[in-house]
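Engineer: One structure follows; several queries about it will come next.
The values are calculated or read from the model by the stated rules, or taken from the named source; none is laboratory data. Because the structure is a prediction, the values reported are computed rather than measured. Cβ atoms come from the backbone with ideal geometry, glycine included; neighbour counts cover every protein chain shown. Protein only, heavy atoms only, side chains kept; ligands, DNA and RNA dropped before computing areas. Shrake-Rupley method; radii C 1.70, N 1.55, O 1.52, S 1.80 Å.
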Amino acid sequence: QVHLVESGGGLVQTGGSLRLSCAFSGGNFSLYSIGWFRQPPGKGREFVGIITWKDAATYYGDIEKGRFIFDRDNAKSTAYLQMISLKPEDTAVYFCAAAEGISGAHDYEYAAWGQGTQVTVSS
């Protein structure tokens, strides 16, 4: 059974950076695409983007692409979300999710989810 654990969240000032990690276990990480979602306070969950399994291609949701960078290390079974130039509107609980093969922007496409990590950006 696939298990995901996010880490790296915290409190940061506007303009700061954070790198979130998503540690994967219970399967062959190299065969899974990793999606990132976030849920701002009082709002629904939204798709941030995905890094695919096959060639680590990245696709972004409706966000500023230059501020969010996806990466993965198959040897460590870990995916990363690097966030730069953070803004207060980036405040949210961030989740990673795993899907075998290619997946998309809908949360029902993902078989496993992490518990989430809180990111708070102060103004």
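Engineer: Check the stretch 98-109 and report whether any residue there is within 18 Å of Gly44 (Cα to Cα), open to solvent by less than 20 Å² (accessible area, probe 1.4 Å) and aromatic (Phe, Trp, Tyr).
Structural biologist: No, that holds for no residue.
Engineer: Something else: For the stretch 27-42, name all the residues that are assigned to a loop (DSSP other than H, G, I, E, B) and surrounded by fewer than 16 Cβ atoms within 10 Å (Cβ to Cβ).
Structural biologist: To start, the set of residues in the stretch 27-42 that are assigned to a loop (DSSP other than H, G, I, E, B) comprises 27-28, 40-42.
If the condition is that a residue be assigned to a loop (DSSP other than H, G, I, E, B) and surrounded by fewer than 16 Cβ atoms within 10 Å (Cβ to Cβ), then Asn28, Pro40, Pro41, Gly42 are the ones that fit.
Engineer: So which pairs qualify, if the first residue must be in the stretch 18-36 and among the β-branched types (Val, Ile, Thr), the second must be surrounded by fewer than 18 Cβ atoms within 10 Å (Cβ to Cβ), the Cβ gap must be under 6 Å, and the two must be at least 6 apart or on different chains?
Structural biologist: The qualifying pairs do not exist here.
Engineer: Regarding Phe24, is this residue part of a strand (DSSP E or B), at pLDDT 95 or above, open to solvent by 20 Å² or more (accessible area, probe 1.4 Å) and in contact with a Phe, Trp or Tyr (Cβ under 9 Å, 6 or more places away or on another chain)?
Structural biologist: When the stated conditions are applied, Phe24 does not pass them.
Engineer: Also, I was wondering about something else. Select from the stretch 43-58 the residues that are of a type outside the set (A, V, I, L, M) and surrounded by 19 or more Cβ atoms within 10 Å (Cβ to Cβ) and write down the one among them that is nearest to the chain's Cα centre (by Cα).
Structural biologist: Gly49
Engineer: Now a separate question. Only residues in the stretch 59-70 that are over 16 Å from Cys96 (Cα atoms) count as the first member; pair them with residues that are surrounded by fewer than 17 Cβ atoms within 10 Å (Cβ to Cβ) and basic (Lys, Arg), Cβ under 9 angstrom, at least 6 apart or cross-chain, and list the lot.
Structural biologist: Going by the 9 Å Cβ cut-off, the qualifying pairs are Glu64/Lys87; Arg67/Lys87.
Engineer: May I ask you to verify whether Gly66 is part of a loop (DSSP other than H, G, I, E, B) and either open to solvent by 20 Å² or more (accessible area, probe 1.4 Å) or at pLDDT below 90 (or both)?
Structural biologist: No: the conditions fail for Gly66.
Engineer: Among the residues of the stretch 69-90, what is the count of those that are open to solvent by 40 Å² or more (accessible area, probe 1.4 Å) and either assigned to a strand (DSSP E or B) or in contact with a Leu (Cβ under 6 Å, 6 or more places away or on another chain) (or both)?
Structural biologist: Step one: filter the stretch 69-90 for residues open to solvent by 40 Å² or more (accessible area, probe 1.4 Å), giving 69, 71, 73-76, 82, 84-85, 87-89.
Subsequent filtering for residues that are either assigned to a strand (DSSP E or B) or in contact with a Leu (Cβ under 6 Å, 6 or more places away or on another chain) (or both) retains 69, 71, 73, 82.
Number of matching residues: 4.
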